[in-house]
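The values are calculated or read from the model by the stated rules, or taken from the named source; none is laboratory data. Since the structure is predicted, the reported quantities are computational estimates derived from the model, not experimental observations. In this analysis, Cβ positions are derived from the backbone assuming ideal geometry, glycine residues included, and neighbour counts consider all displayed protein chains. Protein only, heavy atoms only, side chains kept; ligands, DNA and RNA dropped before computing areas. Shrake-Rupley method; radii C 1.70, N 1.55, O 1.52, S 1.80 Å.
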Amino acid sequence: MTDIPVSDARPERAAPARTGSLLTADARTRRRNAAESRFRLYGIVAVGIGLFFLAALLYAIVTNGIGAFQQTGYTLNIEFREDVLDKSGTRDPEALKSVRTFAYSPLLREAMLREIETHGIETPLAKAKVKGFSSPLDKLFSDGARSTLRDMVLADPSLIGQTVKVRILASSRVDGYLKGRVSRESIERDKNLDAVHLDLIDKLRDAGVATKAFNLAFITGPDASDARPEQAGIGVAMLGSFYMMIVVLALALPIGVGASIYLEEFAPQNRITDLIEVNISNLAAVPSIVFGILGLAVFIQVVHLPQSAPLVGGLVLSLMTLPTIIISTRAALKAVPPSIRDAALGVGASKMQAVFHHVLPLAMPGILTGTILGLAQALGETAPLLLIGMVGFVASNYPDGAVAGFMAPNSAMPAQIYEWAKRADPAFYERAWGGIILLLVFLMTMNIIAILLRRRFERRW
């Protein structure tokens, strides 16, 4: 070995001596600490802005929609006069059905006049003349009040000849006035009520005749026509959403999980599987209205399934939810350590036994979470349902039987909210906000279930 000349050897450089104390930060350390503090501040500000807008959104939803869960009505002693409802006195059901709805208007007016007289209320409406079949007092009642009395008589003819205490719904304008939605200034341009009506409403409220009560019919009842917004409910639309979620769960879950297991565990890696994976990822980003067009073209125009049926809506939402379930399921399967598969195969298990007995149970929390989140996304979709006709006023009440619920025309919660929001009467706008509250309750419930299932089935390795 050749020795290196001493003159060519490079002298070692001595480390620079530290002049400060270890307990004192230098300029570089201070800049680094300041940058870290700014980053934390930016994060806190970002979280604060997000929470502010979330609180503002929730405040707007609650303040605008809470009124839908209360409804104004009158507690009246209705005298079901025999000379008006059953002149023959036979109580024949066919004869009672022949009595028109407007024949019950005098019963409402007389009951209201008795309350006015009992409480000593002075109002010019008490002396107003009846013109034809209408009276100024009729504007205080809902257009469906007479139908309510008629349904009571048809259900129980023994009411004829009796005086019964009944709660009668007020009109939407009266309800809006007591809730602050209608003011005396805005009523000047309204043809339904005037200042005299509002004066009477104030006195009836003070006397305890006009009161607000919990509106259970909003949660359980069907939609109503534009003339009866005070009777509109979201109950039938909720049932339609329920039937659609059953279809989505029955189709999207087994198909999505089965496709995910095959692609992740059994499918060979070639161009065909790569093309399938790319298409699944692209389908997850396709706008929902495209799936609505597909459902309209295939399920309704080609297969000739009934329009506006929850079955069709469920099929469309299943197609839309499948990519989400497949992607989340594959991610859950990938999260299982390879050692689980190797250990199962090492003790003699087949490929299928290793997947279904070991890998799938460990991936179940992620699969269930992705499925429930996919269902929650489908529950809030509106655009696909509009294209297949699941929107608008549905005349029928609840479907007859469980099977009919899948095929009978119906609406859905988001479609019903959309329909209310575009109607002219402010009472429908209030109900649209109330429907949003119920929809958020359903979505929060589904997310809570997803969290509980994840914690229940979660395993650590």
- Within the stretch 163-170, is there a residue that is in contact with a Pro (Cβ under 9 Å, 6 or more places away or on another chain), open to solvent by 30 Å² or more (accessible area, probe 1.4 Å) and of a type outside the set (D, E, K, R)? no
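Yes or no, residue by residue, for (1) closer than 19 Å to residue 447 by Cα; (2) of a type in the set (A, V, I, L, M); (3) open to solvent by 20 Å² or more (accessible area, probe 1.4 Å):
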site	(1), (2), (3)
351	no, no, yes
355	no, yes, no
374	yes, no, no
387	no, yes, yes
400	no, no, yes
412	no, yes, no
419	no, no, yes
- Query: Could you list, in sequence order, the residues of the stretch 177-212 that are β-branched (Val, Ile, Thr), in a helix (DSSP H, G or I), open to solvent by less than 20 Å² (accessible area, probe 1.4 Å) and modelled with pLDDT of 85 or more?
  - Reply: 201
- Within the stretch 421-439, considering residues that are of a type in the set (D, E, K, R), within 19 Å of the chain's Cα centre (by Cα) and closer than 15 Å to residue 65 by Cα, the one most open to solvent (accessible area, probe 1.4 Å): 430
- Query: Can we say residue 346 is modelled with pLDDT under 90, of a type outside the set (A, V, I, L, M) and either open to solvent by 10 Å² or more (accessible area, probe 1.4 Å) or over 17 Å from residue 257 (Cβ atoms) (or both)?
  - Reply: yes
- Filter the stretch 147-162 for residues that are more than 31 Å from the chain's Cα centre (by Cα) and closer than 18 Å to residue 221 by Cβ; the one that is most open to solvent (accessible area, probe 1.4 Å) is 155
- Query: Consider residue 215 against the criteria (1) of a type in the set (S, T, N, Q); (2) modelled with pLDDT under 90; (3) touching a strand residue (DSSP E or B) at 6+ places or on another chain (Cβ under 9 Å): it satisfies all of them except one. Which criterion is unmet?
  - Reply: (2)
- Query: Could you say which residue among 149, 137, 154 is in a helix (DSSP H, G or I) and more than 23 Å from residue 232 (Cβ to Cβ)?
  - Reply: 137
- Any residue in the stretch 286-303 that is open to solvent by 40 Å² or more (accessible area, probe 1.4 Å), closer than 25 Å to residue 376 by Cβ and not in a helix (DSSP H, G or I)? yes
- Where in the stretch 325-428 are there helices (runs of 4 or more DSSP H), lying wholly inside it, with at least 2 residues that are touching a Pro at 6+ places or on another chain (Cβ under 6 Å) and either more than 28 Å from residue 283 (Cβ to Cβ) or among the hydrophobic types (A, V, I, L, M, F, W, C) (or both)? 402-407
- Message: Among the residues of the stretch 423-444, are any of a type in the set (A, V, I, L, M), modelled with pLDDT under 85 and closer than 21 Å to residue 315 by Cα?
- Response: no
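Residue-by-condition table, conditions (1) in contact (Cβ under 8 Å) with a residue 24 or more places away in the chain; (2) open to solvent by 40 Å² or more (accessible area, probe 1.4 Å); (3) part of a helix (DSSP H, G or I); (4) farther than 22 Å from residue 405 by Cβ:
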site	(1), (2), (3), (4)
224	yes, no, no, no
233	no, no, no, no
236	yes, no, yes, no
246	yes, yes, yes, no
249	yes, yes, yes, no
254	no, yes, yes, no
257	yes, no, yes, yes
260	yes, no, yes, yes
